[in-house]
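What follows is a single structure, written as structure tokens, with notes after it.
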Amino acid sequence: MDFGALIQTLAIAALPVIFAITLHEAAHGYAARHFGDPTAWQAGRISLNPLRHVDPLGTLLVPALILLTSYLAAGSVMLFGWAKPVPVNFGRLRHPKRDMLWVAVAGPAVNLLMAVGWAAMFKLDTLMPYNVYTLPLAEMSRTGINVNLVLMVLNLLPLPPLDGGRIAVSLLPQRLAWKFAQLERWGFPILLLLMFTGILGDLMWPFVSLFRDLIIVLFQLN
């Protein structure tokens, strides 16, 4: 892959990635406000403006370094990063331990809905007469499906501070939940270790492939 093709790939991926990250974080804020915590709303974080969700380290520096390293090492594109978490004060939820589950689920649920939405766009593209936009739209839709499924599965891993970790804390008995929540300080180092050792991919791809296959069957995509 030359740098021209790399730029083209990034241009096609930009819109699906921005929507995937922005709506994921906004969904947490909407859910938190619904269940009694207005912290994200008061901070102006319930927004579709991607700039409000940019983390200088996780959204810019780390993805840029991983992208450059993967391209130089293997000539392929690999992306990994994160947005600035929406502030949620679980103590302000009407039922903190129970409502934590719904606030956490909101982000991955929106990613699943967006994956389905991009699949519908892909199906519509296949029914349109061929023109200069059909191929770029197909690639953008395919990227939208994959990015949202990866983000959904990644966030559902039962590791604090990922959404799956919050869900586990909500479901576990109080004493076990408190102990499990103490893993949060080590969450991102553990996640990076899993990624660079290849274990993260081994854990995620069976589930990503399962949901992708279900979407392909549902929309009868080739």
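Observations on the structure shown:
- Picking from residues in segment 117-148 that are of a type in the set (A, V, I, L, M, F, W, C), touching a residue at least 24 places away in the same chain (Cβ under 8 Å) and in contact with a Ser or Thr (Cβ under 9 Å, 6 or more places away or on another chain), the one that is nearest to residue 16 (Cα to Cα) is 118.
- Any hit, segment 101-113, residues being in a helix (DSSP H, G or I), modelled with pLDDT under 85 and surrounded by fewer than 15 Cβ atoms within 10 Å (Cβ to Cβ): no
- Candidates in segment 36-50 are the residues that are assigned to a loop (DSSP other than H, G, I, E, B) and either in contact with a strand residue (DSSP E or B) (Cβ under 9 Å, 6 or more places away or on another chain) or surrounded by 17 or more Cβ atoms within 10 Å (Cβ to Cβ) (or both); of these, the one that is modelled with the highest pLDDT is 37.
- Just one of (1) within 21 Å of residue 144 (Cβ to Cβ); (2) at pLDDT below 85; (3) assigned to a helix (DSSP H, G or I); (4) not hydrophobic (A, V, I, L, M, F, W, C) fails for residue 4. It is (1).
- Count of residues meeting criterion [surrounded by 15 or more Cβ atoms within 10 Å (Cβ to Cβ) and within 30 Å of residue 122 (Cα to Cα)] in segment 167-222: 10
- Flag for residue 122 being modelled with pLDDT under 95, surrounded by 15 or more Cβ atoms within 10 Å (Cβ to Cβ) and more than 28 Å from residue 181 (Cα to Cα): yes
- Residues that are on the phi > 0 side of the Ramachandran plot and touching a residue at least 24 places away in the same chain (Cβ under 8 Å) within segment 186-221 comprise just one, 220.
The values are calculated or read from the model by the stated rules, or taken from the named source; none is laboratory data. A quick note: this is a predicted structure, and the numbers were derived from the prediction, not measured. Neighbour counts are summed over all protein chains in view; Cβ atoms, including those assigned to glycine, are modelled from backbone coordinates with ideal geometry.
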